[in-house]
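Novice: Structure in structure tokens, see below.
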Amino acid sequence: MLTIKKFIMLGLGWLLVGCFYEPVSPHQAVELLIKARQQNHTVELKKAESLIQNFGAEAVPELIRLFSHPDPGIQAAGVYELRELGPLAIPGLLTSLKSGDLTVQKNCVWTLELINSPHVVPALLPLLSDRDVTLRVRTARAIAILGDNRGYAFLINTLADPNKDVRTLAIVQLSELDDPRNLIPLIEKLADPDPFVRMSAIDALSRLGDARAVPTLDTIRQEDTSWQVRRTAAAALTVITGRPTTYINQDGRATSP
């Protein structure tokens with residue numbers, strides 16, 4: 001007969017089993033990671049991360065699977081876990097570069113960039129000819145970060161693309177490099193016919209923080225035909241010089257950005 005005491009002990013037993021249960025496969029560990037991320041459960045997240053690191057290379061296919069997840073945050077979780085695995089993750093990432101799935105390929109490129117192993121550059125170079133321009137430009141940045149000048153040269157050449165959106169994309173990727181060589185190409189883009197390209201170049205110069213850009217930015221602040229570009233230039237000058245700077249707004253009044 002099941003007494004009250006036995007019933008309580010049985011319940012405690014099941015509770016302890018639940019508390020100490022650990023996933024027994026990489027798939028279960030990654031599922032725990034997803035659940036912990038979605039529920040913002042710090043303890044479970046640490047547990048999942050520890051399990052994944054213990055599985056090592058066995059967890060790589062399951063983490064790459066996250067690159068196709070509809071939630072970008074879960075995709076990023078896969079990227080960061082693979083980065084922590086380092087060289088163990090590289091073979092699987094190089095295989096998935098050929099998947100033909102654009103989202104998977106972009107996340108593979110990002111992860112390889114973070115792992116920072118220059119020997120993967122030969123595997124990345126074919127993506128510079130991919131039909132998707134965002135993948136081409138994103139790969140060029142990774143190659144540049146990995147220390148191969150062909151990536152940087154690709155981005156510089158892309159600044160002359162006839163498509164304004166592609167030029168803007170190249171500027172954004174260049175700005176991520178924080179490379180002093182960016183100064184002259186970015187200043188030259190201040191003469192671009194498209195105001196949004198000019199604003200992207202100004203933002204990149206602001207991030208670069210090189211005082212040699214100040215005279216040209218000041219000219220743009222005063223003379224550009226777009227009040228939005230003038231405002232962006234004034235904001236950049238404030239950042240670079242540390243002094244408040246005004247511009248003429250759309251109403252013809254001098255104001256701070």
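Novice: With a cut-off of 8 Å between alpha carbons and a minimum separation of six or more residues, what is the relative contact order of segment 167-257 in percent?
Specialist: The normalised contact order for segment 167-257 reaches 22 percent.
Novice: I want to verify the translational diffusion coefficient of segment 167-257 in µm²/s; compute it with Stokes-Einstein, Rh as the Kirkwood radius over Cα pairs, at 4 °C and 1.567 mPa s.
Specialist: The diffusion coefficient I find is 102 µm²/s.
Novice: Could you identify which residue out of Gln39, Gln75, Gln173 has the top mean-square fluctuation in a GNM of the chain using Cα springs shorter than 10 Å?
Specialist: Of Gln39, Gln75, Gln173, the most mobile in the Gaussian network model is Gln39.
Novice: Report the dimensions of the chain along its three principal axes from the alpha-carbon atoms, largest first, rounded to Å.
Specialist: Principal-axis extents of the Cα atoms in the chain, largest first: 92, 45, 26 Å.
Novice: With n ≥ 4 as the cut-off for DSSP H runs, can you work out [θ] at 222 nm for the chain, using -39500 (n - 2.57) per run divided by the number of residues, rounded to the nearest 500?
Specialist: On the way: 15 runs with 170 residues, N = 257.
Counting only the DSSP helices, I get -20000 deg cm²/dmol.
The numbers here are math on the coordinates, done by the rules we state, and not lab data. Predicted, not measured: the structure shown is a model, and the values here were computed from it.
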